[in-house]
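The values are calculated or read from the model by the stated rules, or taken from the named source; none is laboratory data. Not measured: the values here are computed from a predicted model. With ideal geometry, Cβ positions are generated from the backbone for all residues, glycine too; neighbour counts draw on all protein chains shown. Heavy atoms of the whole protein, side chains included, go into the accessibility calculation; ligands, DNA and RNA do not. Shrake-Rupley method; radii C 1.70, N 1.55, O 1.52, S 1.80 Å.
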Amino acid sequence: IVGLLHIEDISIARIKTPAERLKIGQKINVIIKCIDKKMERVILTYKELLGTWEDNIKDFEEGKVVEGIVRETEKSKNGIFIELNPNLVGMAEYADGYEYGEKVDVLIKRIIPEKKKVKLVLINN
């Protein structure tokens with residue numbers, strides 16, 4: 001059976017291409033998200049197997065400096081999304097000069113469990 005795995009179902013972090021997470025021929029586990037009988041498609045998801053927000057945040061704490069990857073700068077320049085791990089993203093204040101895919105050091109300023117948010121501060125290297 002062939003299934004469709006949309007890019008947004010690969011990772012919580014906004015990635016530009018599936019090749020950032022997966023390789024051709026790689027064996028992975030997926031979950032059947034839905035079966036569309038009308039379109040004769042099986043829709044799959046991968047990101048749910050990467051753990052919940054609570055599972056992923058447990059290795060992080062406020063005041064800790066960690067490495068992340070720039071995943072997107074908001075077009076309105078409100079912030080920069082930083083991937084802390086494949087299923088956890090935080091936001092730092094906008095700053096010029098950062099590019100998609102760049103590795104950066106960030107300070108975890110605040111963890112807000114009730115909103116599932118992580119506020120970050122970029123550390124100049």
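Observations on the structure shown:
- Accessible area of the chain divided out per residue, in Å², using a probe of 1.4 angstrom: 69
- In a fully extended conformation the segment linking Trp53 and Val2 would gain 15.4 nm over its present Cα-Cα distance, using 0.36 nm per residue.
- Peptides 79-89, 15-25 ranked from most to least packed by the mean count of surrounding Cβ atoms within 10 Å: 79-89, 15-25.
- Percent carbon-and-sulfur accessible area, the chain, ignoring ligands, DNA and RNA, probe 1.4 Å: 51
- In this rough spin-label picture, where each label sits 7 Å from Cα along the Cβ direction, the Glu74-Arg41 distance is 3.0 nm.
- At R0 = 30 Å, FRET efficiency that the Cβ-Cβ distance of Glu61 and Tyr100 yields, to 0.05: 0.65
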